[in-house]
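Nothing in this text is a laboratory measurement; each read-out follows from the coordinates by a stated rule. These numbers were taken from a predicted model, which means no experiment stands behind them. For neighbour counting, all protein chains shown are included, and Cβ atoms are generated from backbone atoms with ideal geometry for every residue, glycine included.
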Amino acid sequence: MGGATTDLKLIDEKGLRIDGRRPDELRPLKIEAGVLKRADGSAYVEWGENKVLAAVYGPRECHPRHMQNPTRAIVQCNYNMASFSVSDRKRPGPDRRSQEISKILSEALEHVVLTHLFPRTSIDVYIEVLQANAGTRCAGLTAASVALADAGIPMRDLIASCAAGKVADTIVLDLRNEEDNFGSADVPLGLVPRTGEIVLLQMDGDLSVEEFKTALSMSTDACHRIYAIQKEALRKKYCVAPAVIPAEVANAIHDVATEKPQGSDVPPNEMPGNLKEGVQ
Ligand code: CDP
């Protein structure tokens with residue numbers, strides 16, 4: 001980031017990007033929940049050329065004890081890039097960048113996990129980047145919230161995350177490596193879709209106020225699309241046959257799912273089709 005010069009044509013005459021995407025187009029995104037047997041919860045995300053695994057353990061007793069909080073759980077996120085994930089072999093082990101990303105992702109996730117239900121415990125989230133092509137913190141956060149849900153950790157909602165930025169004077173969504181390296185701004189966002197709360201927002205580079213608003217609206221819109229894919233991944237794993245859902249349970253789920261949060265423009269969630277059918 002920082003607008004290094006390049007001969008690459010980042011935006012062509014038709015307004016398309018280096019990989020043929022429109023400015024507001026996401027890279028292809030696939031999410032799978034529950035991919036690891038040994039972890040309490042897990043998820044795998046393929047997002048463009050990014051490949052990211054998230055694994056969750058806990059809640060379990062927090063060690064060392066001085067880190068325990070007597071009133072709530074702590075969420076400890078560990079973001080790690082595999083040596084083979086980038087073109088220049090990355091030196092194994094933590095560095096300043098991975099410590100920063102681990103910290104901001106922990107703080108984002110603590111906003112949605114109902115930590116007060118598990119005093120003195122730790123919920124550990126491991127994010128392993130197997131292949132990187134910019135946007136790995138967003139892919140990691142998106143995967144981690146699906147993994148937490150897969151672990152059965154009570155949460156207010158999932159977090160969906162996506163970056164927007166500026167490349168060759170154009171505001172674009174979901175930057176890939178060349179755009180990240182030679183563009184002039186990158187703004188990762190983490191959103192709680194049901195309430196519209198922002199739990200992660202960073203800015204690398206410069207944008208005017210108007211450009212920032214455009215980028216934020218683009219990434220917010222993308223987060224709602226990502227949220228639908230996250231929920232679909234969970235539904236796919238936990239799809240329950242309609243006949244076994246008692247009517248009162250299906251009705252209760254419907255009430256919670258369609259409750260519109262106060263002060264939010266977010267449309268109420270759709271009730272999964274299989275649950276609708278379960279209501280007698
Ligand atoms: O991945 P994210 O965009 O969240 O973070 P970044 O610090 O902006 O890194 C952008 C990209 O630079 C990464 O996704 C990697 O593709 C690349 N990178 C790298 O090649 N070697 C590193 N040691 C760190 C990042």
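I need the calculated FRET efficiency for the pair Lys30 and Arg89, taking r as the beta carbon distance and R₀ as 22 Å, to the nearest 0.05.
0.25
With axes computed from alpha carbons, what is the tilt in degrees of helix 136-150 against the longest principal axis of the chain, rounded to the nearest 10 within 0 to 90?
Taking the Cα atoms of the chain, the angle to 136-150 is about 10 degrees.
For a quick check, take a GNM of the chain with Cα springs below 10 Å and name the residue from Ala143, Ala247, Ala132 with the largest mean-square fluctuation.
Ala247
How large is the charge dipole for the chain, taken about the Cα centre, if only the Cβ atoms of Lys, Arg (+1) and Asp, Glu (-1) carry charge, to the nearest 20 debye? Intermediate values should be presented prior to the final figure.
On the way: 33 positive and 39 negative charges, 194 e Å.
Roughly 940 debye for the chain.
Straight-line reach from Lys30: which aspartates and glutamates have Cα under 14 Å away, leaving out those fewer than 8 places along the same chain?
By straight Cα distance, Lys30 reaches Glu46, Glu49, Glu232.
If one takes the longest principal axis of the Cα atoms in the chain, at what angle in degrees, from 0 to 90 and to the nearest 10, does the Cα axis of helix 96-110 lie?
40 degrees
Can you work out the FRET efficiency for the pair Ala82 and Asn181, with r the C-beta to C-beta distance and R0 = 22 Å, to the nearest 0.05?
Calculated value: 0.65.
Taking R0 as 22 Å, what FRET efficiency do you get between His224 and Leu114 from their Cβ-Cβ distance, rounded to the nearest 0.05? Intermediate values should be presented prior to the final figure.
Details: r = 23 Å, r/R0 = 1.04.
E(calc), rounded to 0.05, equals 0.45.
Kindly provide the pair-distance distribution of the chain built from C-alpha pairs, with 5 Å bins from 0 and whole-percent values in order of increasing distance.
Result returned by the calculation: 1, 6, 12, 15, 18, 16, 13, 9, 6, 3, 1, 0, 0.
Please give the helix 209-238 orientation as an angle from the longest Cα principal axis of the chain, in degrees from 0 to 90, rounded to the nearest 10.
Its long axis makes an angle of about 40 degrees.
To make sure I understand the rule: partners must be lysines, Cα under 24 Å from the Cα of Lys37, and not fewer than 8 residues away in the same chain. Which ones qualify?
Output for Lys37: Lys51, Lys231, Lys236, Lys237.
So for the pair Val249, Leu130, with labels modelled 7 Å out along Cα→Cβ, what separation do we get in nm?
So the label points at Val249 and Leu130 sit 3.3 nm apart.
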